[in-house]
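Here the structure comes first, spelled out in structure tokens, and everything after it is commentary.
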Amino acid sequence: MSEARAMIEAAYAGETPIEDAASAVAATIEELDKGRLRIAEPSGASDGDPGDAWQVNLWAKEAILLYFRLAGLETMEVGPFEYHDKIPTKKGLAEAGIRVVPPGTVRYGAFCEPGVIVMPGYVNIGAHVGSGTMVDTWATVGSCAQIGRNVHLSGGVGIGGVLEPPNARPVIVGDGAFIGSRCIVTEGTIIGAGAILGANTSLTASIPIIDVTGDEPVEYRGYVPPRAIVVPGTRPKEFPSGVVQLGCAYIIGQRSESTDDKLSLNDALRTHGVAV
């Protein structure tokens, strides 16, 4: 894809007309759709910052942004439903081994591994969803989000999309994580493998995530460690007019290292009384 990449980068920078990159953009979106290219992928490098373990292919994001500019609006009919959009829905679901329950939608340019189940939810362009993952009712996987294998996104979960700026890291959810009902995860937050987020937990790059399981609190931002059990909370902050409670999240325990992930999940929920 080196030639396509060069054409996309030149068009995005305004050095060449975007029409000159149309074929390169189309080829890149197809690669994303087939899972042969990812917006972000493990880099293998880490110096303590979890974000360093992921490499963002910003030129692939640039291809998506150019795709929106190049594509025209079309009326699409899917059974009794009519859509008017620039991007079609994903095709070949049966051949890909993906179950999508009406009116759930996976957009063209998103990739789902075999065994993914999408209830009436939404998977946007550029997203990558691993096998065995459940996207439950009204859950949303935003553009470019990277969701691991055997993840459960409960009803109403909002996984934010990150398209601009192109070099921004998307939301990343590790294998085996459980994201409780109505959770919101945005701004490139990384959820470690096997972590559990209790219902209504909201995480952004700036919301404090405070581990209170040790002798002293440990604070994270934009990162939940693997197998951590997280619940929503507040903590006081003083302003000129008085003290108010601002939102945060608390790590209240660790999921066991049981070889049976379902058993470890049930034990964690029961032991810590986490609502999901």
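Only the coordinates and a few stated rules stand behind these numbers; no lab work does. In this text, all values refer to a predicted model and were calculated from it rather than measured experimentally. Methodologically, a virtual Cβ is constructed for each residue, glycine included, from the backbone with ideal geometry; neighbour enumeration extends over all protein chains shown.
Tabulated data for the structure shown
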{"read-out": "Ranked list, fewest to most other Cβ atoms within 10 Å of each Cβ, for 216, 82", "value": "216, 82"}
{"read-out": "Cα centroid of the range 172-191 to Cα centroid of the range 81-98, whole Å", "value": "25"}
{"read-out": "Fewest-first ranking of 137, 201, 213, 186, using other Cβ atoms within 10 Å as the exposure measure", "value": "213, 137, 186, 201"}
{"read-out": "Sorted by Cβ neighbour density within 10 Å, fewest at the top, the residues 19, 31", "value": "19, 31"}
{"read-out": "For residue 18, net neighbour charge (Lys/Arg +1, Asp/Glu -1) across residues whose Cβ lies under 11 Å away", "value": "-3"}
{"read-out": "Relative contact order (percent, whole number), the chain, Cα cutoff 8 Å, 6+ residue spacing", "value": "10"}
{"read-out": "Electrostatic dipole magnitude of the range 149-270 [Cβ: Lys, Arg +1; Asp, Glu -1; Cα centre; debye, to 20]", "value": "300"}
{"read-out": "Whole-angstrom Cα spans of the range 71-116 along principal axes, big to small", "value": "31, 24, 14"}
{"read-out": "Extension reserve of the residue 200-residue 131 stretch, reckoned as 0.36 nm per residue once the Cα distance is removed", "value": "22.3 nm"}
{"read-out": "D_trans [Stokes-Einstein, Kirkwood Rh over alpha-carbon pairs] for the chain, 10 °C, 1.306 mPa s, µm² s⁻¹", "value": "81"}
{"read-out": "Amide H contacts of residue 210 (H built 1.01 Å from N, under 5 Å, at least 5 apart or other chain)", "value": "220, 249, 250, 251"}
{"read-out": "Per-residue ³J(HN,Hα) for the range 146-158, Karplus 6.51 cos²θ - 1.76 cosθ + 1.60, θ = phi - 60°, Hz, x for Gly and Pro", "value": "10, 10, x, 8, 6, 8, 10, 9, 5, x, x, 5, x"}
{"read-out": "Value of relative contact order over the range 74-114, rounded to a whole percent, pairs C-alpha under 8 Å and six or more apart", "value": "33"}
{"read-out": "P(r) weight above 21 Å for the range 70-188, C-alpha pairs, percent", "value": "33"}
{"read-out": "Value at 222 nm in deg cm²/dmol, rounded to 500, when DSSP H runs of n ≥ 4 in the chain each add -39,500 (n - 2.57)", "value": "-5500 deg cm²/dmol"}
{"read-out": "Shape call, the range 14-100: gyration tensor on alpha carbons, a/c limit 1.5", "value": "oblate"}
{"read-out": "Antiparallel %, DSSP beta bridges [both residues in the chain], to 5", "value": "40"}
{"read-out": "Added length on full extension, which subtracts the Cα-Cα distance from 0.36 nm per residue, residue 272 to residue 238", "value": "9.2 nm"}
{"read-out": "³J(HN,Hα), Karplus 6.51/-1.76/1.60, whole Hz, each residue of the range 122-130, x for Gly, Pro", "value": "8, 10, 8, 4, x, 6, 9, 10, x"}
{"read-out": "Extension gain, residue 26 back to residue 55 (0.36 nm per residue minus Cα-Cα distance, nm)", "value": "8.2 nm"}
